[in-house]
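Before any comments, here is the structure.
Coordinate-derived values only; no laboratory data. Remember, predicted model here, so these are calculated numbers, not experimental data. Note that we place each Cβ from the backbone using ideal geometry, even for glycine, and neighbour counts take in every protein chain shown.
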């Protein structure tokens, strides 16, 4: 597809834009506790919050929802919504809170989300998405406003529709598109099924990058290893975004900086990461009133594939609810996988 006349004047994204490797926004997964752990594992990866509706950001719980540790940078807030005014106000709050990026969700296929006229259903309304992006950029104080989308929705799954959607939203000033390489079915499939049933079409995302070389295009969907990620980057994509794989096996994040940025890998053991997370995050959070089960949830699969991993998970899962303010639970669990470090 030839670039439209409205696209030609756009300035190319900076090669240092920083989307080379991203950890996807995941509901009930990428909270500030998981993000803190992730930052102990990788210095370079860009981290995303769970999706938060713009109205919630502006409500009485907004300050709590926006809270994050400075160690998390670079970190992006993902917003849901379709009201340009609300999204603009929520973007201003994100700027005040210190986020590095504000991302608009145009990919969630949840029926409840669609009923609220946000998420993947917005792919059917490119003009509205463009209006939202333009309003958000006015309040973003120079921070990037980005869009996470699918390659299609329902019957609108041809490449031409995706290209028109990207063209319209890019004309409103969006420079970065994170594209989940599956279409979304708004009826008949659950959100979980929408992550696996529609076939992956990575080639569509590569075609998009070829047709819009001045935009930053980030591939999401089906990436399970750093070798997968590197292969797509070497073919010309600007970035990759990993979701479930990073949650299922968070230790993969420890290899990101070396594999994708060529940095020397620090010889750090998993047990040392647990110790750092315990001292720098768990103890201060317990003192502030956070309950231990929330704090250990990101740790459950850190030793995936290692001897004693099942006992580690079981001890954390069973003991944390019984002793919700006792950091000693973490050290006890560590004995199952790293006895010397637990002493």
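Computed quantities for the displayed model
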| quantity | calculated |
| --- | --- |
| Region 295-342 versus region 146-180: alpha-carbon centroid distance in Å | 42 |
| Length added when fully stretched, residue 159-residue 244, from 0.36 nm per residue minus Cα-Cα | 28.0 nm |
| Equivalent ellipsoid semi-axes - Cα gyration tensor, region 168-241, angstrom | 22, 17, 9 |
| Quarter of the Cα convex hull surface for region 270-342, i.e. its orientation-mean projected area (nm²) | 4.0 |
| GNM result for the chain, Cα springs below 10 Å: residue of 225, 91, 216 fluctuating most strongly | 225 |
| Candidates 245, 254, 227: whichever shows maximal mean-square fluctuation once the chain is modelled as a Gaussian network with Cα springs under 10 Å | 227 |
| Size-normalised alpha-carbon gyration radius of region 23-172, reference 2.2 N^0.38 Å | 1.01 |
| Candidates 317, 38, 24: whichever shows maximal mean-square fluctuation once the chain is modelled as a Gaussian network with Cα springs under 10 Å | 317 |
| Distance cut-off 32 Å, percentage of C-alpha pairs in the chain lying past it | 31 |
| Cα centroid separation, region 252-293 to region 86-119 (Å) | 28 |
| Zone residues, region 19-36, relative to residue 263, backbone N less than 16 Å from point 7 Å out along Cα-to-Cβ | 19-23, 36 |
| For the chain, share of DSSP beta bridges that run antiparallel, in % to the nearest 5 | 5 |
